[in-house]
Amino acid sequence: MEAPPVTVMPVTGGTINMMEYLLQGSVLDQALDSLHHRLRGLCDNMEPESFADHETVYLLRGQQGNPFLLRARRSLTHLPAPCHLRYLGQPEAGDKSRHALVRNCVDVSTSHSLPEFLGEMGFRVDHEFVARGRVFRRGALKVVVSKLFRVLVPGNVESTEPLSLSNLVELSVLAPAGQDNVSDDMRAFAEQLRPLVHLEKIDPKRHM
């Protein structure tokens, strides 16, 4: 699952256990303008933020259990912006009636020596991509609409090609653990985007 653009990425601090509530879907390129128009009408009266980010996913394989993944993302338009490192926990089983995927989320700003540091810890690059799109907000709700691009030459963000003819749409909220009522607000908002996009609770383990 993709991380939010670094230009709008919150950084958790202290001992607050922040959870990400998430719904995802996709929209074809030819319907993108219609979705943007709908979101402008539904979201806060402010210009959506454009972004272009390069994300690298690092993997650390242990002797037992699932591999440990970290996501490093840097802005390609806000230079020299700091890198951001993101950890996403396993989705919670929780209440089956919960309308959104819920997982632990930790975001931190880092220096540009992050790749070397992760390499020394034993992490290896699993894959990388470029995400370009816009961010819309409605109160605590955030909608990220992004086009994903495959990096053809490792590390060269100028050499890319689109992954598909569609765009990823992610509706998310960051909240302390236990505030499951936010998923009700997310479902209500998602209903207003139909039939342009169908946002769903998607378990990433079922798509690996």
Problem set entry | Relative contact order of the stretch 99-170, defined on C-alpha pairs under 8 angstrom at six or more residues apart (%) | 22 percent
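Counting pairs of alpha carbon atoms under 8 Å apart in space and at least six apart in sequence, what relative contact order in percent does the chain give?
Relative contact order, the chain: 31 percent.
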For this session: Set the Förster distance to 45 Å, then compute FRET efficiency between H78 and L28 from the Cβ-Cβ distance, nearest 0.05.
Result: 0.95
Seminar exercise, completed: Regression test value, accessible area per residue of the stretch 102-189, probe 1.4 Å, units Å², expected 49 Å²
Seminar exercise, completed: Karplus ³J(HN,Hα) for the stretch 164-178 (6.51 cos²θ - 1.76 cosθ + 1.60, θ = phi - 60°; Hz, whole; x = Gly/Pro) runs 7, 9, 10, 10, 7, 10, 10, 9, 9, 9, 9, 8, x, 4, x
For this session: Select from V125, V169, V144 the residue whose mean-square fluctuation is largest in a Gaussian network model of the chain (Cα-Cα springs shorter than 10 Å).
Result: V125
Problem set entry | Global geometry of the chain, whether rounded, prolate or oblate, following the gyration tensor of its Cα atoms and the 1.5 cut on a/c | oblate
For this session: Go through the stretch 191-201 residue by residue and turn each phi into a ³J(HN,Hα) via Karplus (6.51, -1.76, 1.60, θ = phi - 60°); whole Hz please, and just put x for glycine and proline.
Result: 4, 6, 8, 6, x, 4, 8, 9, 8, 10, 8
Problem set entry | Within the accessible area of the chain (1.4 Å probe), percent carbon and sulfur | 52 percent
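The values are calculated or read from the model by the stated rules, or taken from the named source; none is laboratory data. Only a predicted model underlies this, so the values are computations on that prediction, with no experimental measurement involved. Quick reminder, even Gly has a Cβ in these numbers, built from the backbone with ideal geometry, and neighbours come from all protein chains shown. Accessible surface areas use protein heavy atoms only, side chains included; no ligands, DNA or RNA. Shrake-Rupley method; radii C 1.70, N 1.55, O 1.52, S 1.80 Å.
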